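Structure record follows, encoded as structure tokens.
The values are calculated or read from the model by the stated rules, or taken from the named source; none is laboratory data. Computed from a predicted structure; not experimentally measured. Cβ: placed from backbone, ideal geometry, glycine included. Neighbour counts: every protein chain shown.
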Amino acid sequence: MDLIENRTIDEIMVGDRAEIERVLTHPDMALFATISADVNPASLEEGEEEGPELQQGIAHGMWAGTLISAVVTTHLPGPGTVHLGQTLTFHQPVSIGERITVRVEVTGVDKGAARVELACLCLNAQGETVVSGQAEVHAPRTKIRRHPARMPGSRLKAPGVRFGALVEQARALDPLLTAIVHPCDDLSLGGAIAARDEGMIVPVLVGPRGKIAAAAELAGIDLNGVEIVEAPHSHAAAEVAVALVHEGRAGALMKGKLHTDELLMAVLDKGKGLRTERRLSHVFALDVPGQDRTLFVTDAAINISPDLEALKDIVQNAIDLAIAIGVEVPLVALLSAVETVTGKLPSTLLAAAICKMHDRGQIVGGKVDGPLAFDNAISPAAVAAKGIVSDVAGHADILVTPNLESGNMIAKQLIHLAGASSAGIALGARVPIMLTSRSDTVDARIVSAALAKVFYHWRRQRPLGLPG
């Protein structure tokens with residue numbers, strides 16, 4: 001990297017100039033808005049009205065103004081400079097993609113006080129003035145020559161961008177009639193009503209009418225027009241909700257304020273439940289900052305330590321979900337600690353067997369590879385460093401974990417450390433099941449409903465096999 005060198009007060013003369021060129025990009029503007037706490041939407045979005053366009057232009061002009069400081073501190077006078085004051089006037093908007101020339105010129109020098117006055121100017125590609133002003137700085141007296149400071153990496157992404165697209169995809173479909181099982185707190189009830197308001201579901205509330213009404217009053221929710229089916233307690237609510245599916249009065253289930261085991265006991269009941277020939281499994285969908293695709297993690301909620309047959313269904317359920325939401329060829333990575341098959345790690349043997357089952361048509365859709373360590377599954381750099389040849393490695397859509405503990409840890413680390421937005425549903429039953437957690441946000445519940453809705457409409461043309 002080139003060295004940067006200052007001009008000391010003794011070297012500076014009136015008429016000296018320095019300039020740089022920059023192109024305004026969307027990431028630049030997003031980063032500027034984040035740093036400046038500019039919450040005006042016009043700073044980040046294209047405006048159609050005169051007012052927003054003007055506000056947007058001012059914000060973008062302020063970005064150009066900040067580049068003046070970059071010229072002063074790196075070029076003229078350069079390293080060691082201290083700003084004493086600056087005044088700027090913004091003349092016209094700066095557009096995303098526009099190239100700006102930023103120039104400073106010395107107009108006054110006080111060598112005794114080591115003060116320098118500068119005329120500042122920002123010009124667009126047409127030579128028109130965007131920003132003009134003056135700056136006063138304290139110039140260094142000693143020579144400094146050094147490498148530019150290494151800037152920390154910055155990565156900006158609006159949360160849930162891909163999830164927003166999923167919700168829009170779901171809006172084009174008919175709302176999904178959904179039994180909300182025991183929605184007796186403000187979170188589960190509020191999530192169900194929010195999913196209704198977003199056009200995802202038509203809720204049928206199943207549980208004690210008095211407790212549901214109390215939760216609605218506490219949350220300020222109007223239940224006028226919402227169907228309530230009476231059930232005396234949570235266990236009974238699960239059974240009644242399953243019966244509604246059999247009666248054709250619900251096409252999905254959403255977990256309310258009850259334990260997952262209570263709901264699944266009713267779903268998996270051999271006589272009255274919703275079993276199919278598939279194993280029930282859970283799929284987390286994660287919108288992870290910095291990733292160019294939705295990641296699916298399975299199974300992190302239901303199957304504790306799946307055997308080969310269970311793992312086959314876990315993989316197939318996840319492939320089906322990815323295809324349903326529009327992933328043309330899902331790439332499936334079977335995770336372990338290493339990328340080689342060894343008898344010392346049973347998960348590598350299971351992964352190798354699953355790959356062969358896929359090769360023989362026992363699992364359909366997508367591409368499957370494993371065992372793969374986590375880094376080998378998602379990082380092209382790790383794949384290149386290890387010389388792994390694979391259609392899946394480095395680009396996996398679906399991460400299949402060897403057990404519930406590892407799956408749960410991966411999903412929650414991505415959520416709480418990487419800032420991922422999350423949603424999830426259980427598949428393998430007659431209908432999709434939204435197994436929302438007590439800590440899930442309203443947005444997570446809406447996106448889970450969108451997943452269930454899209455999957456339900458996709459699967460109507462491709463029904464799962466039912467037990468014979």
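Annotations for the structure displayed:
- Any hit, the stretch 185-198, residues being aliphatic (A, V, I, L, M) and modelled with pLDDT of 95 or more: no
- Residue match in the stretch 103-115 (condition: closer than 23 Å to residue 23 by Cα and within 40 Å of the chain's Cα centre (by Cα)): yes
- Residue check, residue 260 assigned by TED's automatic domain parsing to the domain that holds residue 330 and either within 32 Å of the chain's Cα centre (by Cα) or surrounded by 23 or more Cβ atoms within 10 Å (Cβ to Cβ) (or both): no
- For the stretch 323-365, a residue qualifies if it is in contact (Cβ under 8 Å) with a residue 12 or more places away in the chain and within 23 Å of the chain's Cα centre (by Cα), and the qualifying residues are 323, 324, 325, 326, 327, 329, 330, 331, 332, 333, 334, 335.
- Of all residues in the stretch 315-362, those satisfying the criterion of being in contact with a helix residue (DSSP H, G or I) (Cβ under 8 Å, 6 or more places away or on another chain) and either exposed (fewer than 14 other Cβ atoms within 10 Å of the Cβ) or in a loop (DSSP other than H, G, I, E, B) (or both) are 325, 326, 330, 336, 337, 338, 339, 340, 341, 342, 343, 362.
- Residue match in the stretch 176-199 (condition: touching an Asp or Glu at 6+ places or on another chain (Cβ under 7 Å), touching a residue at least 24 places away in the same chain (Cβ under 8 Å) and not small (Gly, Ala, Ser)): no
- When we screen 113, 70 for residues that are modelled with pLDDT under 90, surrounded by fewer than 17 Cβ atoms within 10 Å (Cβ to Cβ) and closer than 28 Å to residue 10 by Cβ, the only hit is 70.
- Criterion (surrounded by fewer than 16 Cβ atoms within 10 Å (Cβ to Cβ), at pLDDT below 90 and not in a loop (DSSP other than H, G, I, E, B)) met by exactly one of 158, 125, 165, 149: 165
- Each residue in the stretch 283-305 was checked for being surrounded by 24 or more Cβ atoms within 10 Å (Cβ to Cβ) and under 25 Å from residue 361 (Cβ atoms), and 4 of them qualify.
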